[in-house]
Amino acid sequence: MSLTSVTLLVLVPLVAGSLLVGASALTTAYARRFGEAGGQALTFVLRNVLGLPLVFVGAIWAWRSPSAWLIATNLLMSVVGWILVAAGALVFVVGHVHIGSPAGRPTMRDPLVRGGLYAYVRHPIYAGSLALILGLALLHPTATFLLAAALGAAWLMVQARIEENDLTQRLPEYREYIKQVPRFVPRLGRRGR
């Protein structure tokens, strides 16, 4: 099997999983169509049962795929990579703790979370994921993994916008929150209100 074939095969679970996770962010539309419980169940299945496992399989497959190293790693790259992985994972976990169950099971009645990391960025889980992806790319800069990382990072940015569209429908106060708090990178010296 050629490198191109392997790379293309790796993209299948990554793209399919990303699309399913993206579809899971349509909580309002699903609740209108299937009722609140049906919408919540569909969101949960799309994200947690189908989408995220496919993304993880694709990421692991990209990491393990035989592929040319595009950059020779060195100690500095490794140290920075591990720092980004650790910091990203910490932000990812803390973001989940702050938001609680709505991260995996959003409903029409979810409150707007503005405390903790959400006072500084609207999407700390995605910000942590972006840092983690960048760190992993520094640790393993093969052609296949860098392509997978680039697709994953691009998709997180798209996913954030899809979720924001849904959140503005579910939570009227979210429009004001958008004006006050940046999407991924906190403003230096200023905290969202």
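Every number here is computed from the coordinates shown, using simple stated rules; none is lab data. Fair warning: this is a prediction, and the values are worked out from it, not measured in the lab. Note that each Cβ is placed from the backbone with ideal geometry, even for glycine, and that neighbours are counted across all protein chains shown.
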Let me check I've understood the local charge: for G39, count other residues with C-beta under 14 angstrom from its C-beta, Lys and Arg +1, Asp and Glu -1. What total comes out? +3
When M157, M77 are ranked with the fewest other C-beta atoms within 10 Å first, the list becomes M157, M77
Give me I60, I162 sorted ascending by neighbouring Cβ count inside 10 Å, so fewest comes first. I60, I162
What's the FRET efficiency of A16 with F44 using the Cβ-Cβ distance as r and R₀ = 22 Å, to the nearest 0.05? 0.80
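May I ask you to sort T168, T7 by Cβ crowding, counting other Cβ atoms within 10 Å and putting the fewest first? Write out the running numbers ahead of the final one.
Details: T168 15, T7 18.
The most exposed by this proxy come first: T168, T7.
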Is there a quick way to get the dipole size of region 1-160? I mean about its Cα centre, with the Cβ of Lys and Arg at +1 and of Asp and Glu at -1; what is the value in debye to the nearest 20? 300 debye
Size of electric dipole in region 136-193: Cβ of Lys, Arg +1 and of Asp, Glu -1, about Cα centre, debye, nearest 20: 360 debye
For region 3-180, treating each Cα as an identical point scatterer without solvent, what Debye log10 I(q)/I(0) comes out at q = 0.10, 0.16 1/Å? -0.43, -0.99
Leading residue at positive end of dipole, region 3-180 (Cβ point charges), from V93, L134, G35: G35
Can you give the calculated 222 nm mean residue ellipticity of the chain, where each DSSP H run of n ≥ 4 adds -39,500 (n - 2.57) and the sum is split over every residue, rounded to the nearest 500 deg cm²/dmol? -22500 deg cm²/dmol
